[in-house]
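Rule-based calculations on the coordinates, nothing more; no lab input. As the structure is a prediction and not an experimental result, all values here were calculated from the model. Cβ: placed from backbone, ideal geometry, glycine included. Neighbour counts: every protein chain shown.
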Amino acid sequence: APGNLADNEGGGEVIYFGVEAGGTTLTAGKMYYLDASGIWAETDASTTGSGGDQLLAISLGTEATASGMLMRGFFDAHSYLTGTFTPGKPVYVCPTAGYMDAAEPPGASGEFVRVVGYCTTLPNVIYFNPSSTYVEVK
């Protein structure tokens, strides 16, 4: 249940595939995209091709195949959520790598905007459900 989540913990639809970049470990709570090589890399709204149209997930631990990646569900975004948490409002891919943003991004030229979930009424708990639609700012 969403109310029983600890900081940087989530539950829902979890996948166990893909690898970490160059032998590095993932960070629980950060958001990643699956690149064309099957590597989980940190999302970054300021760089086109780093989460705009790729599969997104939140890491549930340090390894994708052991800890899992949350594709959809509830997550207590304690450490990697910026902006003001407001129940019912959208959460976006952030220009800071690996972070999510509860504030609408400014959308500077070359960036992309993509909704990845919504704030719930529980503090820091988001419903993570990445949209398949994104907008690239020209």
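Points worth noting:
- Remark: relative contact order (the chain) = 26 percent; criterion is Cα-Cα distance under 8 angstrom and separation of 6 or more residues.
- Inter-part distance where region 120-138 and region 30-58 are each reduced to a Cα centre, Å: 14
- Simple label model, 7 Å out from Cα along Cβ direction - T133 to A66, nm: 4.0
- Taking amide H atoms as placed 1.01 Å from N in the peptide plane, the amide H of T96 lies under 5 Å from those of A45, each 5 or more residues away in sequence or on another chain.
- Amide N of region 1-43 lying under 12 Å from the label point, which is placed 7 angstrom from the Cα of S79 along Cα→Cβ: 7-9, 26-31
- Rounded to the nearest 5, the antiparallel percentage of DSSP beta bridges internal to region 1-116 is 80%.
- Extension gain for E104 to V14 (0.36 nm times residue separation, less C-alpha to C-alpha distance): 29.7 nm.
- Helical contribution to [θ] at 222 nm, DSSP H n ≥ 4, -39,500 (n - 2.57), averaged over the chain, rounded to 500: -500 deg cm²/dmol
- Global geometry of the chain, whether rounded, prolate or oblate, following the gyration tensor of its Cα atoms and the 1.5 cut on a/c: oblate
- Total charge dipole magnitude, region 1-120, about the Cα centre, Cβ charges on Lys, Arg, Asp, Glu only, Debye to nearest 20: 200
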